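The values are calculated or read from the model by the stated rules, or taken from the named source; none is laboratory data. These numbers were taken from a predicted model, which means no experiment stands behind them. Virtual Cβ from ideal backbone geometry, glycine too; neighbours counted across all protein chains shown. The accessibility values were calculated without ligands, DNA or RNA, using every heavy atom of the protein model including side chains. Shrake-Rupley method; radii C 1.70, N 1.55, O 1.52, S 1.80 Å.
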Amino acid sequence: MKKELINRYEVDYKYNFIAKKALKKKLAKKFDEKFYNSFGDVYYNNISLANLLKNNYTIGNCHFYATILAYALKNSTLKKGFLNALNVNVNDAYYVKFEHSWVEIGNYCVDTTSKQIYNKEYYYKYFEPEVLKQYTNKELHNDNLFMYVLLNAMENRSNLSCIYINLFNDKFLKSNDAQFKEKINNFLDDNLDVKNSLMCELNKNKNNILEK
């Protein structure tokens, strides 16, 4: 446990150091009101994207928030993978990769954890990102794919289940894709906290997404 705590501290320190350095070099800019206002007409179940991005829940939940940002940003691409510069070695005994998601648009990387827009060259040089999966804005507008990417983003993040239910319940229920539902069923079976939260809410409305 001690090594894990040290590791977490060092990862956070490195991440914040790189983020602040970008600001000092003027190779990044904090999310500001102009940025938030650009999403003025984007709402998920009567909750604005701007307010979702402003809250502190974005920290530690980059996969989820980067996904909904990429869904809203035209010509953007969601990138999922690792930031290798944040790998930490503690006494040559403990090593971990830092999972992360961010959004790319043109020559910029938009990071919902630091709430900053980075020069892409800087971001790749100092964070050393490794991309494992990517989805374009156009691809994410396939509702089945969008919902599945969101559910994967919730893995080991059961605290997001209530947010998910409140925002995307309608999209989830409208799906009529059998392959999608099978994937969702398998995902929920492996994530019982999420499954129980979803079922509790859906049963109130006399709906059932787990069609066997």
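The table below lists the values:
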item	result
Stretch gain in nm, segment K138-N152, where the contour uses 0.36 nm per residue and the Cα spacing is subtracted	3.2 nm
FRET efficiency, 1/(1 + (r/R0)^6) with R0 35 Å, evaluated for N37 and V11 via beta carbons	0.60
Share of carbon and sulfur in the accessible heavy-atom surface of region 32-130 [1.4 Å probe, %]	47 percent
Rounded to the nearest 10 Å², the accessible area of T113 at probe 1.4 Å	30 Å²
Long pairs among K30/K74; K20/K54; K24/K133, criterion Cα-Cα beyond 27 Å	K24/K133
